[in-house]
Amino acid sequence: MSTKELVEISSVEDLMNIKSIEYNKPLDKHYVLTSDIDLWETRNNFDLPLAIELTGIFDGNGKTIKNYGGKHSLFKFIGETGVVMNLNISNFESHISPDVEYGYGILAFENDGTIENCSVSYSRISTSYKEQEIDNVVYVGTIVSSNCGNISGCSVNIVNIDFPGRYVGGIAGHSFDGIISDCHVRNCSLSGNKYIGGICGMLDYDGQLKNCGLNKVSIKRLTYLDFKKYSSSACGLIRESKTNAENPKYKSYTCYTSIVRE
């Protein structure tokens, strides 16, 4: 049971009231959705992220935030003590522009904490910019751009990523020393320029991928690179740690797949 101050969120106004975009003022309470939040009426001008950093708990309580149109993640960073749980995201149309630095994920740019039992469905991540105009955006994933924490029990269904990123993943663009477990990607189309994975674009160093599944996932390359070298079912690239080159925990993973390459 959390000892943090409880803040209930039942409307768009409540969601706007918790916003904190100052670096020294993280969201540090226990936030709970008590009803679905529909952003349709503020679709193109609702300003995300909700916070530069989440260090508290954001509990979706099985509710859904839906109908967002914009270019920012729900949170910029999920800190080491931060938790996002039981949250559903639906019908997010994310249009990425060059001022989005390094990467994009719908829940967060970077996760250093915990994301569990969350889902994203009926959503799209795309851009109207050419590759050379947006080459600073490297890592793109449905849930997060970069994962250094734990992502578990999450699902992605009917999501289209159409973006010329170098690392594109159904869950995370990049997982650096992080763990992705018991996650599933279904009925999705993923396109990128280099390393494309149904779960993770790049599994880096001591990152772990466990008990994840893919079903009816289409991977499309936007360049003419060797597909066998640069794309695979689960991960586009698994990079070994120089100090743990024989450590099997990141080299062997279980992933049950049904994938289509174009």
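Normalising the average separation of contacting C-alpha pairs (under 8 angstrom, six or more residues apart) by the number of residues puts the relative contact order of segment 63-172 at 29 percent.
Specify whether the C-alpha gyration tensor of segment 16-114 places it in the rounded, prolate or oblate class, a ≥ b ≥ c being the square roots of the eigenvalues: rounded for a/c under 1.5, otherwise prolate if a/b is larger than b/c and oblate if not. Let's see the in-between values first.
Details: a/c = 1.58, a/b = 1.08, b/c = 1.46.
Because a/c hits 1.5 or more and a/b fails to exceed b/c, segment 16-114 counts as oblate.
Pairs with C-alpha atoms separated by more than 24 Å, drawn from the list LYS29/LYS76; LYS63/LYS210; LYS63/LYS220; LYS25/LYS63; LYS19/LYS194, are LYS63/LYS210; LYS63/LYS220; LYS25/LYS63; LYS19/LYS194. Of the GluC sites (Glu not before Pro) found in segment 1-50, the ones in coil according to DSSP and having at most 15 other Cβ atoms within 10 Å of their Cβ are GLU5, GLU22. For segment 78-151 versus segment 192-206, the inter-centroid distance based on Cα atoms is 14 Å.
Once you have the Cα-Cα distance between SER128 and ILE21, take 0.36 nm times their residue separation minus that, and quote the gain in nm to one decimal. Stretched out fully, the SER128 to ILE21 stretch lengthens by 35.8 nm.
All of the numbers you see were taken from the coordinates with simple rules; none came from a lab. Everything numeric in this text was worked out from a predicted model, so none of it was measured. Here the Cβ is made from the backbone with ideal geometry for all residues, glycine too, and neighbour counts use every protein chain on show.
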